[in-house]
Each structure stands twice: as C-alpha cells, then as structure tokens.
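The values are calculated or read from the model by the stated rules, or taken from the named source; none is laboratory data. These figures come from a predicted structure and were not determined experimentally. FYI the Cβ positions are ideal-geometry reconstructions off the backbone, even for glycines, and counts take in every protein chain you see.
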Amino acid sequence: MWYSTFQAALLGGLLCLDRNVLHIMISRPVVAGPIIGFSLGDPMTGLVAGAMIELLWIDRYPMGRYIPPNDTVVAVLVTAVSIMSGKSLGGPSPELIAAAVLIFAPVAFIARKGDVLVAESNDAISARVEEDARRGDSAAIARGHYFGMVKTYIMSSLLIFLFLVIGTAILEVFFPLLTERLLSALRLIYYFIPILGVSVALSTIKTRGALPVFSGVFLVVMILARMW
C-alpha cells in the first residue's frame with residue numbers, strides 16, 4: 001500500500017502542476033483520474049471517478065484572480081483510494097467509490113486554500129524576478145520560476161499523500177461495518193452524482209458549449225451499462 005500511496009502522491013503532484021504551469025489539460029479530473037487509475041492498474045475506475053469529479057466542478061474555472069476548488073486533487077484521491085482500498089474490500093464497488101467521493105469532496109476547498117497561499121507567496125517571487133530582469137540576471141529569473149513550480153509540486157504531493165493515508169485507513173476500517181441500508185444509500189448516491197453532474201453541465205452550455213453535457217450523458221450511459 002505504501003508504494004502505491006507514494007506513487008499516486010508523486011504522480012498526482014505532477015498532474016497538479018498543469019493547473020498553474022503547463023496548461024495542457026492533464027490536470028482535468030476526467031484526464032487525471034484515468035492516468036492515476038492506469039498507474040495503479042485500474043484505468044476504468046479512474047475514468048468513472050474522474051468523470052464524476054469533472055462534472056461536479058465543471059462550472060468552476062479560473063477567471064482573473066479567482067482560484068477554483070482543486071478538483072484535480074479530489075480526482076486523484078478518489079481514484080487512488082477506491083483502487084487501493086478495493087484490494088482489501090472486494091474491489092472498487094459503486095458503494096466504495098461513492099463513499100470516497102463523499103469523504104474527499106471537501107478536500108477540494110482545503111487544497112484551494114493551499115493554492116491561494118502558494119499564489120500569494122509567488123507574488124514575492126515575482127517582485128524579485130522583476131528586479132532580476134532589470135539586472136539582466138537570466139539565471140536568477142529561471143530559479144524564481146523553478147522555485148514556484150517546486151512549491152506547487154511539494155504542496156500538492158504532500159496533501160495527496162496525507163489524505164490518501166487517512167482516507168484509506170478510514171475506509172478499510174469503517175466501510176466493512178456499514179449496514180445494508182447505508183450501502184444502499186451509497187449505491188443511490190453513486191448513480192445520482194452523474195445526474196447531478198449533468199445538471200451542472202447544463203448551466204455551462206452558454207460558456208462552454210454542448211461538450212460538457214455530452215460528457216455527462218456519456219458518463220451516465222457508461223455507469224448504467226456497468227449495471228448490466
């Protein structure tokens with residue numbers, strides 16, 4: 001488990017860099033989930049978990065100085081914990097995935113606080129880089145950029161590692177104790193989340209077109225197909 005935890009944390013930290021540095025969309029949950037799932041041997045669970053998280057926050061995107069909830073961290077956590085805990089709990093069942101979503105959804109806002117702190121600390125780096133630019137010190141400018149990237153990577157990786165350890169322990173201890181009624185509730189939540197996601201996607205049609213709705217419908221059909 002520890003190897004998988006470190007693997008997910010280190011890879012998840014790299015994916016989170018895309019939010020602030022690369023901007024090639026690999027940080028989107030629908031992409032990050034399958035990548036983490038593939039690294040842990042279960043890309044399908046990563047696709048389902050990532051698509052769920054993608055739809056829940058598809059209407060939150062950075063504009064100006066606004067920093068949205070960190071859905072990348074949540075996608076990594078839900079995927080990794082569902083797969084890792086599933087190895088001792090009979091597989092990543094719909095109930096287990098739903099429980100992971102409920103546990104880790106608030107982490108998006110905790111991670112957002114970290115993103116804000118890193119962004120604020122980078123303001124000081126920007127001021128120093130401006131001074132380095134005036135002096136023509138290209139090496140110092142590069143160091144400033146790299147330092148900002150390293151801070152983002154370390155913060156994201158540590159956060160993912162910490163919550164992976166906590167979340168895996170919680171699920172492996174308490175999930176087997178859930179009653180059939182609670183498991184039925186989690187099963188309903190698993191099938192309700194995509195429907196909720198489609199309703200969120202509908203609100204973005206004017207700004208993002210029909211693609212989010214198509215993605216939501218695809219997820220619903222895929223989940224329903226897995227029922228049979």
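Table for the structure above
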read-out	value
The stretch 70-96, subset more than 14 Å from Leu164 (Cα to Cα) and among the hydrophobic types (A, V, I, L, M, F, W, C), residue modelled with the lowest pLDDT	Leu89
Residue match in the stretch 48-62 (condition: among the basic types (Lys, Arg) and within 20 Å of Gly114 (Cβ to Cβ))	yes
So Leu11, is it over 17 Å from Gly114 (Cβ atoms) and surrounded by fewer than 23 Cβ atoms within 10 Å (Cβ to Cβ)	yes
Check on Ser203, among the small types (Gly, Ala, Ser) and at pLDDT 65 or above	no
Residue in the stretch 63-84 that is over 12 Å from the mean Cα position of the chain (by Cα) and of a type in the set (Lys, Arg) present	yes
Residue ID - surrounded by the most Cβ atoms within 10 Å (Cβ to Cβ), chosen from residues in the stretch 64-98 that are of a type in the set (S, T, N, Q) and either in a helix (DSSP H, G or I) or touching a strand residue (DSSP E or B) at 6+ places or on another chain (Cβ under 8 Å) (or both)	Thr79
Single match in Val129, Val118 (criterion: modelled with pLDDT of 65 or more and either over 24 Å from Leu14 (Cα atoms) or part of a helix (DSSP H, G or I) (or both))	Val118
